[in-house]
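**Student:** Got a structure for you, written out below as structure tokens; questions coming shortly.
Throughout, read-outs are computed from the coordinates displayed, never taken from laboratory work. All values reported here derive from a predicted model rather than from experimental measurement. Because the Cβ atoms are built from the backbone with ideal geometry, glycine has one as well, and the counts that use them run over all protein chains shown.
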């Protein structure tokens, strides 16, 4: 004999399942929202000073200044200029670059990054003005007050090794 409608046992089971499952989804959604890191880019630009040794022909020592504009916690674009002496006389350069942070939330004491761009270098008495592709890796260190030190290794017309000082504008980099 066939019954019409849904049996009471089936309705009780559905109500019991809903009573158990719906609160579980609500708790999971609340936990996920609580765990989400929402860190906004707090500065519109980051100035820096740097000292670089440039290998290649000719070898040079340059002091420079730069500025970076963060587009997100992960990516910024920037430019730097440097001037100094080379084995052939005066040396200067201008860099345009993009930089990608590998630790944007500063979970480590040192924040590693990679980047690339274009560099234009000129040396007096040397081969003149040249344009090269630029690639680099580096790490920004913990801040001391509003200054964060850093180191960088790059390639662009030769090997370059640099030390940097970023002016973070906030008392703590981390």
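**Student:** Can you pull out the residues in region 57-70 that are touching a strand residue (DSSP E or B) at 6+ places or on another chain (Cβ under 7 Å) and part of a loop (DSSP other than H, G, I, E, B)?
**Tutor:** The initial filter retains those residues of region 57-70 that are touching a strand residue (DSSP E or B) at 6+ places or on another chain (Cβ under 7 Å), namely 58-70.
Within region 57-70, 58, 59 meet the criteria.
**Student:** What residue, of 120, 159, 163, 151, is within 15 Å of the chain's Cα centre (by Cα) and under 23 Å from residue 84 (Cα atoms)? Before you say what the answer is, go through the steps one by one.
**Tutor:** On the way: 120 fails: within 15 Å of the chain's Cα centre (by Cα); 159 fails: within 15 Å of the chain's Cα centre (by Cα); 163 fails: within 15 Å of the chain's Cα centre (by Cα).
That would be 151, the only listed residue that is within 15 Å of the chain's Cα centre (by Cα) and under 23 Å from residue 84 (Cα atoms).
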